[in-house]
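The values are calculated or read from the model by the stated rules, or taken from the named source; none is laboratory data. Note that the structure is a prediction, hence the values are computed from the model and not measured. Methodologically, a virtual Cβ is constructed for each residue, glycine included, from the backbone with ideal geometry; neighbour enumeration extends over all protein chains shown. All accessible areas refer to the heavy atoms of the entire protein, side chains included, with ligands and DNA or RNA removed. Shrake-Rupley method; radii C 1.70, N 1.55, O 1.52, S 1.80 Å.
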Amino acid sequence: MNRKLVYLSLAILAPALTACTPPAKDIPALKSEMDAAVAGNFGQALYHWEAAEERFEEANHILGHWQNDHYWNIDQRQKAMNAARDAASHRLESEKAMCDWLTEVHSDNHDKAGKVQRAGAFFSTGSATPYNTNHHDINLIGQYLQTHPSATADVVAYTDTVGSAASNKRLAERRAAAVANMLRQAGASPNQLRISAVGEADGPNNSPNQKHRVVKISTVHAEYVDCPKLK
């Protein structure tokens, strides 16, 4: 063979061989990227959910064999039971991580300490039956108290200055009782409600004032915990 031709072939072949050389492995970098994908509460929630699905499919596959009377043995039975238990465990861990993530996302909206006051109901002069009720907040507070036994709420009733101070005191008691009853119907326990009848609010004597014919609810979030039923 012509020597020049050999050299020319090698010159052409050398770059091609170099291009076919596999790139260097960077295991630490790849592991770092994979760890980043499952980092944090949301990443852990996804990781455990996918693991739960994989283990559930393993158990479900064996279940299909059993239901179709395919051959099975003791090892297969143990494998199926372990897979089902692992699936349940991973699902629980996923729910916990998702709950923690939701707490992070909504933390600014959580009243974790102190009191938050809301107007529960407004009344006409001399009446203990609300004509305007804040059902939305009453239901939310009742449900919150039901799921957070350590939390409490103050139910404080007022009147305007129309009528005598003694009669207005009794009227405020009836108004407070009416709103407290709505909170109990929404889920609150009686021992979580601290009821107070202030009676007449400040103002000139015998002066009707709609702003004063009100029952206010103040919730105390002593030990706020997201997902309280998730153990």
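Some points to look at:
- Given (1) of a type outside the set (S, T, N, Q); (2) open to solvent by 40 Å² or more (accessible area, probe 1.4 Å); (3) closer than 12 Å to A128 by Cα, number of the condition R175 does not satisfy: (2)
- Taking (1) assigned to a helix (DSSP H, G or I); (2) open to solvent by 40 Å² or more (accessible area, probe 1.4 Å); (3) within 30 Å of F42 (Cα to Cα) in turn, P149 satisfies each apart from (1).
- Only one entry of D69, D111 meets the criterion of being at positive phi, modelled with pLDDT under 85 and not in a helix (DSSP H, G or I), and that entry is D69.
- With respect to the stated conditions, A165 is hydrophobic (A, V, I, L, M, F, W, C), exposed (fewer than 15 other Cβ atoms within 10 Å of the Cβ) and at pLDDT below 95.
- Taking each residue of segment 64-88 that is more than 21 Å from A52 (Cβ to Cβ) and looking for partners that are assigned to a helix (DSSP H, G or I) with beta-carbon atoms closer than 7 Å, six or more apart or interchain, yields W72/H65; W72/W66.
- Lone unmet requirement of (1) open to solvent by less than 60 Å² (accessible area, probe 1.4 Å); (2) assigned to a loop (DSSP other than H, G, I, E, B) for P204: (1)
- Matching residues, segment 126-156, being closer than 13 Å to L193 by Cα and touching a helix residue (DSSP H, G or I) at 6+ places or on another chain (Cβ under 8 Å): I138, I141, G142, L145, P149, A151, T152, A153, V155, V156
- Restricting attention to segment 124-149, the residues that are touching a Ser or Thr at 6+ places or on another chain (Cβ under 7 Å) and closer than 19 Å to N168 by Cα total 1.
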